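Here the structure comes first, spelled out in C-alpha cells, and everything after it is commentary.
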C-alpha cells in the first residue's frame, strides 16, 4: 500500500483528529516499528507497526471500516473525551450499538466541555474531521448562551473588542439576543428545561479554544448559566437531550465542504425537495 503520514493513519483509525494525532506524535506518545515516530513521518499501513502509549493501532482494519458520521445532543455532565478514568460517563456510552459496526472506533469531532450541552459530532472519518475542524475551512459554530441577567452596554462593548486569553485575543463572530421563537424551540429539546428567568443570547464562534466562551463571558463579569451548541456549519441541533442519529449523506457532504454559506445550503435544500 502507498505510504501515508503517521498522523493521517492515526486519524483514520479513530485515535484522534489530524491535529490531535499530530499532537500525540509531537508529545512522543506514538511509536513506529518500536521507535518514537517523528512528526510528518510516513509509513506503509500494511507493513508498519504503529502504537500509541504502547497500545498497537489496527490501521488496516480502520482503513477498510465503513465511515460513520453521527449527531448527538450531549447532556451536561457528560464528558466528550472517548476515554477518561475520572469521567462518570462519556459520550460514547450514549451511542446505541445498532448505529456502529463492531470494531469501529468513534471519536468526537471537536469537544464540548463537561458542563456544556448540545450538538456534538462523532465519527471514525479522519479526513472529514479535518475538514470540519480546521479553521481554513470556515465551519462556524453557533451557541445559545443563558445568563442570569441581560448583558449591559459595557460588557457588550468589551466582548465586541475581543478578550485577552492565554492563547491570544478571543473574538466572537457574532452576539445578539435570542428571539422568543428560538428560545421556545430550544427549550423543547432540553432536559432539564431552562429556568424561565434566564436571558438567552445567540453567539457564533470561529475559534475553538478550551472553554473559550465561558472564559470570555467570565472576563466581563457575566458568568454563563447554560451553554448549548445549536449549530455546526449548516447542521442545526434537532435532537432531544441524549438522543443520537446518523447524518444523512447530504449533511456529511455539506459539513465536509469548505466555507459554510446559508444561501448555498438553502439552494441545495430546494434542489433536493
- Message: Once you place label points 7 Å from the Cα toward the Cβ at residue 26 and residue 56, how far apart are they in nm?
- Response: 3.0
- Note to self: C-alpha centroids of segment 6-41 and segment 200-232 sit apart, in Å, by 31
- Using alpha carbons only, how many degrees (0 to 90, rounded to 10) separate the axis of helix 262-272 from the longest principal axis of the chain? 70
- Message: How would 74, 8 line up from fewest to most surrounding beta-carbon atoms within 10 angstrom?
- Response: 8, 74
- Task: Round to the nearest 10 and give me the degree value, 0 to 90, for the angle of helix 180-189's Cα axis relative to the longest principal axis of the chain.
- Result: 50
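Rounded, prolate or oblate: pick one for segment 140-232, where a ≥ b ≥ c are the square roots of the eigenvalues of its C-alpha gyration tensor, a/c under 1.5 means rounded, and failing that, prolate if a/b is larger than b/c, else oblate. Walk me through the intermediate numbers first.
Details: a/c = 1.92, a/b = 1.51, b/c = 1.27.
Cα axes put segment 140-232 in the prolate bin.
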- Note on the structure: For Rg and Dmax of the Cα atoms in Å, with candidates (1) 16.9, 47; (2) 19.8, 61; (3) 22.8, 77, the value calculated from the shown model is option (2)
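Rounded to the nearest 0.05, what FRET efficiency do residue 93 and residue 19 have when you use their Cβ-Cβ distance and R0 = 35 Å? Intermediate results must be reported in sequence, preceding the final value.
Values: r = 25 Å, r/R0 = 0.72.
E(calc), rounded to 0.05, equals 0.90.
For a quick check: sort 117, 142 by the number of other beta carbons within 10 angstrom, fewest at the front.
Working: 117 25, 142 20.
The most exposed by this proxy come first: 142, 117.
Contour minus end-to-end for residue 197 and residue 214, with contour as 0.36 nm per residue of separation and end-to-end as the Cα-Cα distance? It would help to have the intermediate numbers written out before the result.
On the way: separation 17, 0.36 × 17 = 6.12 nm, distance 1.97 nm.
Difference between extended and current length: 4.2 nm.
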- Scoring segment 37-154 by relative contact order with C-alpha pairs under 8 Å, at least six apart, yields a percentage of 24
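Based on the Cβ-Cβ distance from residue 134 to residue 180, what FRET efficiency comes out when R0 is 45 Å, to the nearest 0.05? Provide the component values of the computation, followed by the final result.
Values: r = 36 Å, r/R0 = 0.79.
After rounding, the FRET efficiency stands at 0.80.
Every number here is computed from the coordinates shown, using simple stated rules; none is lab data. The structure displayed is predicted, hence computed values, not measured ones. Cβ: placed from backbone, ideal geometry, glycine included. Neighbour counts: every protein chain shown.
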